[in-house]
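Inspection log for the structure reproduced underneath, given as structure tokens.
What follows is calculated from the coordinates using simple rules that are stated; it is not laboratory data. What you see is a predicted model, and the numbers here were worked out from it, not measured in a lab. Methodologically, a virtual Cβ is constructed for each residue, glycine included, from the backbone with ideal geometry; neighbour enumeration extends over all protein chains shown.
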Amino acid sequence: MGRDARKKPAPLHSDHRRQWRDYRYVYPVISRRSKGLSVGINLNHDKRCTYACLYCQIDRHIPRPAHMVDLAVLRRELEAVLTEATSARIWQEARFTATPVELRRLNDIAFSGDGEPTCLPNFDQAVAAAAEVKDRLGLEAVKIVVITNASQFRTRQFQAALPILDAHNGEIWAKLDAGSEAYFRRVNRPAPAVTLAAIVDGIAEVARGRAVVIQSLFARLDGAGPPPEELAAYCGRLRDILAAGGKIKLVQVHTVARPPAEAAIGPLDDEQLRAIAGAIRQAVPAIVVETYSGAGFTAPPPGPGSG
């Protein structure tokens, strides 16, 4: 089952700047995976994250002070951006004038940004604020998407956010990039207490109550893509989620789209991504798989001695 997003993405897809005008938290982008306008919310100006993924473009060598999100500012900014989108004024901005007609649609409000949004102690309050603004503007059909590494699923703030998401067209997009603990630690570089088994268990637990989207980034590491045994182990993790009663709406197979902070990693080409998607479909035929290319980013060639 499944389909490939085979068209070469337009350059606007690679513009994921987390800054719009002078706003603190909210930024609009054209998203390949949302297939339209996604209104991003960046709660992580402190870069707080439980992972330090090799492919992440955020430089975490210089940390920023921890902070609480100003909910009043978040509400004002979100209402302004959503109003620009629903009035169609946003398509007149230079940043969005090249957007094709079929992508000129407001798809979602997405919690993403410079770290793991669910780490924030008042994450649930930020989700409630987004739901409140969305309802006040009559945008019930617009999704609230939480893009997460799934490491905080048992925290108070995430558990408190779940019923709000369930009541307001919410969707969880959970990261799963590995099948083995060794590969997980090499690629995602999690905090010491975070294990792949715990991540998979947490996804399964959340997915028993609502279907989740799995986001999986596969990349060229030291000159080569994921080895067959790693891909087989990854498919085993998907089967584990299903066997535990979890519901998977979609698996998104993508690759590096913007220059990462680490030089050892780079994007796979479309053929490699389609091969990975095909292997997943064959191993786990019950799920739908989509692929997304690197949106135009080309990594430097591997150095001498790399595989």
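Here is how the numbers come out for the structure above:
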{"quantity": "For the stretch 11-292, size of Cβ-based charge dipole, Lys and Arg +1, Asp and Glu -1, in debye", "calculated": "200 debye"}
{"quantity": "DSSP-defined antiparallel bridges as percent of all bridges, the chain, nearest 5", "calculated": "25 percent"}
{"quantity": "Distance violations [Cα-Cα > 20 Å] among LYS35/LYS247; LYS134/LYS247; LYS35/LYS249; LYS47/LYS247", "calculated": "LYS35/LYS247; LYS134/LYS247; LYS47/LYS247"}
{"quantity": "Loop trypsin sites (Lys or Arg not before Pro), the stretch 160-234 (other Cβ atoms within 10 Å of the site Cβ: 15 or fewer; DSSP)", "calculated": "ARG208, ARG210"}
{"quantity": "On Cα atoms only, tilt of 123-136 relative to the major axis of the chain in degrees", "calculated": "50 degrees"}
{"quantity": "Relative contact order of the chain, defined on C-alpha pairs under 8 angstrom at six or more residues apart (%)", "calculated": "21 percent"}
{"quantity": "DSSP-loop GluC sites (Glu not before Pro) across the stretch 61-132, with at most 13 other Cβ within 10 angstrom", "calculated": "GLU93"}
{"quantity": "Qualifying GluC sites (Glu not before Pro) in the stretch 219-267, DSSP loop, other Cβ atoms within 10 Å at most 15", "calculated": "GLU262"}
{"quantity": "Globularity ratio of the chain, using Cα Rg and 2.2 N^0.38 Å", "calculated": "0.96"}
{"quantity": "Average silhouette area of the stretch 76-140, convex hull of alpha-carbon atoms, in square nanometres", "calculated": "5.4 nm²"}
{"quantity": "0 to 90° range, to nearest 10: angle between helix 156-167 axis and the chain longest Cα axis", "calculated": "70 degrees"}
{"quantity": "Ellipticity estimate at 222 nm from DSSP helix runs (n ≥ 4, -39,500 (n - 2.57)) divided over the chain, nearest 500", "calculated": "-9500 deg cm²/dmol"}
